Amino acid sequence: MAKKGRLEFVKMKQAGEQVAWVTAYDFPTAQFVEAAGMDMILVGDSLGMIVLGYQGTIPVTMEDCIRHCQAVRRGAPNTFCVGDMPFLSYQISDEDAVRNAGRFLKEADMDCVKLEGGRRVITRIKAIVDAGILVIGHIGLTPQSSGPLGGFKAQGRDAASARDLIEDALEIEKAGAFALLLEAVPPELTQFLAKKLTIPVYSIGAGGPCDGQLLICGDMLGYFQAFTPKFVKKYANVAEIEINAFKEYVSDVKTGKFPTDDHVYHILKGKEDEFYAMLKEYE
């Protein structure tokens, strides 16, 4: 499978072909995702909740992101991979943003970075793009700044807030972003922006009429149990499968059903006498 690049994604938008992408945070998941033929992988800062057990994304560090990006790249060498810039990796200055964005390419072989925010981070986007790094913008419900947004709530549901998002989107495109991710906004706004912008517009909980869909792997596979957003479709219940498997293992161990003779390594044939003689030396 040949890895897609920026031009392929633009051509997919022009042809009306939907892009399917998902988050992944580790080597085995990345392997499965690539085997399934996914177009893109986002190594999201959502790893803070899905993998590290934080209440949100704020505690996630650059080191966390780089380490998980490296694992994903090893698992999916032929898939377009996006590194998610964590909180305070780009907010301080343009120089800081470029330096940290560059780490995703230099240290983890990512193809692109994603960062949250609209007009307030336009100089960051432009600086990163000017450094030769692909950028995906992210507006709507932006978890890193969910506090000022009133918590994890849908955005753009009235004319005033929708206008703000449109202005953000236009500036993000003008700054040179390669694509835009909309999170938890009305599908009517998503459809409008997908038609208005020449860059690909993707949805996570923002409806179908756009250029592609993103879901968090822990949500769609059913192994993240804290909460499930309204926009998620569960394609599996991995949590139930794993819990049942662990329960069966506990039962087998306590009742002596595991291990059996099939699960052990015996003394080498012809070496039994020597082996038992050695044991007697310690009796």
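A few points about this structure:
- Separation of the alpha carbons by more than 31 angstrom is noted, of K233/K254; K114/K196; K106/K195; K153/K247, for K233/K254; K106/K195; K153/K247.
- For the stretch 1-103, the ratio of Cα radius of gyration to the globular rule of thumb 2.2 N^0.38 Å stands at 1.13.
- Counting DSSP beta bridges with both ends in the chain, the antiparallel % (nearest 5): 5 percent
- Where the Cα pairs of the stretch 6-236 fall when distances are cut into 10 Å bins, in %: 8, 35, 41, 15, 0
- Packing order of peptides 275-283, 251-259, highest average first: 251-259, 275-283 (average count of other Cβ atoms within 10 Å over each peptide's residues).
- A206 long-range amide H proximity, modeled H, under 5 Å: A184, V185
- Per-residue Cβ neighbour rank within 10 angstrom, fewest leading, R74, R124: R74, R124
- Spin-label pair L170/E242, simplified geometry with 7 Å Cα→Cβ offset, distance in nm: 4.6 nm
- Summary of the geometry: the stretch 28-43 and the stretch 187-255, compared by the centres of their Cα atoms, lie 14 Å apart.
- Mean residue ellipticity at 222 nm, helices only, the chain: -12500 deg cm²/dmol; runs of at least 4 DSSP H residues each add -39,500 (n - 2.57), and the sum is divided by the number of residues.
- Approximating the spin labels as points 7 Å out from Cα along Cα→Cβ, the A277-to-A131 distance works out to 6.9 nm.
- Computed log₁₀ I(q)/I(0) - Debye formula, equal Cα scatterers, no solvent, the stretch 114-223, q 0.11, 0.15, 0.17, 0.18 Å⁻¹: -0.32, -0.59, -0.76, -0.85
- R73, R120 arranged by Cβ crowding within 10 Å, fewest neighbours leading: R120, R73
- The simple Förster model, with R0 at 41 Å and r as the Cβ-Cβ distance, assigns K257 and Y54 a FRET efficiency of 0.60.
- FRET efficiency, S93 to T198 (Cβ-Cβ, R0 35 Å, nearest 0.05): 0.75
- The dipole here belongs to the chain: it is taken about the Cα centre, uses +1 on the Cβ of Lys and Arg and -1 on the Cβ of Asp and Glu, and is about 960 debye.
- K234 versus R6: modelled label distance in nm, points set 7 Å from Cα along the beta carbon direction: 4.0 nm
- Residue order, fewest to most beta carbons within 10 Å, for H68, H138: H68, H138
- Dipole-positive endmost among Q155, Y249, G5 within the chain (Cβ charges, Cα centre): Q155
Since every read-out is calculated from the coordinates, none of them should be taken as a lab result. The model shown is predicted, which means the values in this text are computed figures rather than measured ones. All Cβ positions, even for glycine, are placed from backbone atoms using ideal geometry, and neighbour counts span all protein chains on display.
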